[in-house]
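What follows is a set of notes on a single structure, which appears directly below.
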Amino acid sequence: MPMNVSDLSTCYTVRALLPEDAKRVLPLLCGNEIFYHYHPPEPTLASICEDMAALPPGKTLQDKHYVGFSQGDALIAVMDLILDYPSPGTAMIGFFMVDISCQGRGTGTQIIAQALEALAAQGMTKARLAIDEGNPQSRAFWLKNGFVLTGERISNDIAAYLPMERPLRHGANEPN
C-alpha cells in the first residue's frame with residue numbers, strides 16, 4: 001500500500017520535495033554546521049537534487065520519500081525515508097534535519113514521534129538509520145528518541161557510520 005506522506009505529521013504540513021524545492025532546502029541544510037563538520041562536503045543545489053533521487057540497491061522511487069515538514073510557508077525539517085529497506089518491515093531514515101531556528105525546542109522529537117507512529121500504522125516494524133561517528137549532537141538526539149546503537153561500524157572516507165535501530169509498535173512509539 002503506497003504511503004501518504006501527509007500522515008507523517010499531525011502538526012506540520014508534509015509533502016514530497018521535488019528538485020525545484022532544492023532552493024528552499026539549501027538554507028535549512030547550510031544552517032546546520034555541526035552536521036557538516038562530521039559529514040562533509042557542505043550541501044549544494046546539485047547535491048540536494050542528487051540526494052532526492054538516490055536509491056539503495058533494489059529499491060525504486062515508490063519506496064523513497066524525500067519530504068519536507070512545513071509550518072505555514074516555512075520549511076522546518078527535511079527527511080529522506082526509504083520503506084522496506086534494508087529488509088521488509090524496516091523504515092530507513094536516510095537523512096533527517098531540522099532547521100537550526102527550531103532546534104532545542106522539541107520540534108525534531110515531535111516530528112520523529114509522529115512519523116514513527118505513522119510508519120508503524122503503515123506496517124513498518126523497525127526504524128533504522130546511521131549517524132556519523134563522533135557527532136555528539138546526532139548521537140544524543142537519536143538516543144533521546146529511543147534508538148540504540150546496533151554495534152555495527154561501517155567505514156567511510158572520513159570515519160564511519162554507526163547504525164541505530166528502534167522497534168516500532170503501533171500505539172507504543174514513545175521513547176523509554
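The values are calculated or read from the model by the stated rules, or taken from the named source; none is laboratory data. Not measured: the values here are computed from a predicted model. So basically every Cβ, Gly included, is an ideal-geometry build from the backbone, and we count neighbours across all protein chains shown. The area values use the complete protein model at the heavy-atom level, side chains included, leaving out ligands, DNA and RNA. Shrake-Rupley method; radii C 1.70, N 1.55, O 1.52, S 1.80 Å.
A residue that is more than 17 Å from the chain's Cα centre (by Cα) and open to solvent by less than 40 Å² (accessible area, probe 1.4 Å) can be found somewhere in segment 151-170. If the condition is being under 25 Å from residue 114 (Cα atoms) and surrounded by fewer than 19 Cβ atoms within 10 Å (Cβ to Cβ), then segment 4-20 contributes 4, 6, 7, 10, 11, 13, 15, 16, 18.
All told, residue 98 meets the bar of being under 18 Å from residue 145 (Cα atoms) and in contact with a helix residue (DSSP H, G or I) (Cβ under 8 Å, 6 or more places away or on another chain).
Could you go through segment 74-88 and let me know if any residue there is surrounded by fewer than 16 Cβ atoms within 10 Å (Cβ to Cβ) and farther than 24 Å from residue 167 by Cβ. Within segment 74-88, one or more residues are surrounded by fewer than 16 Cβ atoms within 10 Å (Cβ to Cβ) and farther than 24 Å from residue 167 by Cβ.
Being part of a loop (DSSP other than H, G, I, E, B), open to solvent by 20 Å² or more (accessible area, probe 1.4 Å) and under 17 Å from residue 141 (Cβ atoms) is true of residue 104. For segment 107-131, the tally of residues that are assigned to a strand (DSSP E or B), crowded, with 19+ Cβ neighbours inside 10 Å and charged (D, E, K, R) stands at 1.
Restricted to segment 32-52, and to residues that are modelled with pLDDT under 95 and open to solvent by 50 Å² or more (accessible area, probe 1.4 Å), which residue is nearest to the chain's Cα centre (by Cα)? The residue in question is 39. With respect to the conditions (1) closer than 21 Å to residue 109 by Cα; (2) among the polar types (S, T, N, Q); (3) in a loop (DSSP other than H, G, I, E, B), residue 6 lacks only one, and its number is (3). Residues in segment 43-95 that are part of a strand (DSSP E or B) and aromatic (Phe, Trp, Tyr) were compared, and the one that is nearest to residue 108 (Cα to Cα) is 69.
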